[in-house]
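In what follows, a structure is listed as structure tokens, so that the remarks can point back to it.
The values are calculated or read from the model by the stated rules, or taken from the named source; none is laboratory data. Worth saying up front: this structure is predicted, and the values here are computed from it rather than measured. All Cβ positions, even for glycine, are placed from backbone atoms using ideal geometry, and neighbour counts span all protein chains on display. To get the accessible areas, we keep the full protein, side chains included, count just its heavy atoms, and leave off ligands, DNA and RNA. Shrake-Rupley method; radii C 1.70, N 1.55, O 1.52, S 1.80 Å.
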Amino acid sequence: MGMSVGGPGGGPKADINMTPMIDVLLVLIIIFMVITPRTPNGLDAIVPQPSPNKQQDVELENKTVVVQVEMNGKLKINQEDTTWDGLGPRMETIFKERAEKIAFVKGDNDVLFMDVARAIDIMRGAGIDKIGLITAKLEAGQ
């Protein structure tokens, strides 16, 4: 923190004092190090991935539970017809002995979102931890 009054020639000497610039840079580095881990993350989504060889494993087929909401108000659990009142108890019996409580909901193109949300709500009430959504493009493998 000294100041050069002059050189051997007798005039003022123009030197840049690096200490304040280094202090500013260190403060900026510390600020960015603190802010970076606190950035918010997006929502986690579980999406079933189509197999590349298009062959479905029988064990995986028995493990995956898909609730299909159709336009006329009908429900299907893995191609088995059910009703709105029977969805909750049926899901409880399916997932009673399973450790992984993961299911998927598939809605027709013209079905109301309210019906899909109702199915998700009933499934959450039955104790299913993770619920994914299946779309037509995903099912086609695109």
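Brief remarks follow.
- Condition check for residue 136: under 20 Å from residue 79 (Cβ atoms) and modelled with pLDDT of 85 or more: no
- Close pairs from the stretch 89-114: first closer than 10 Å to residue 70 by Cα, partner open to solvent by less than 50 Å² (accessible area, probe 1.4 Å), Cβ under 6 Å, at least 6 apart: 106/66; 106/68; 106/134; 107/69; 107/116; 108/70; 111/69
- Condition check for residue 56: assigned to a strand (DSSP E or B), surrounded by 10 or more Cβ atoms within 10 Å (Cβ to Cβ) and either under 27 Å from the mean Cα position of the chain (by Cα) or at pLDDT below 75 (or both): no
- Residues considered: 61, 70, 92. Of these, the only one that is open to solvent by 90 Å² or more (accessible area, probe 1.4 Å) and modelled with pLDDT of 85 or more is 92.
- Residue list for the stretch 76-132, restricted to those being in a strand (DSSP E or B) and under 21 Å from residue 45 (Cα atoms): 102, 103, 104, 105, 106, 107, 130, 131, 132
- Test for residue 110: is it within 23 Å of the chain's Cα centre (by Cα), at pLDDT below 90 and of a type outside the set (Ser, Thr, Tyr): no
- Scanning the stretch 97-131 for residues that are aromatic (Phe, Trp, Tyr) and open to solvent by less than 70 Å² (accessible area, probe 1.4 Å) gives a single hit, 104.
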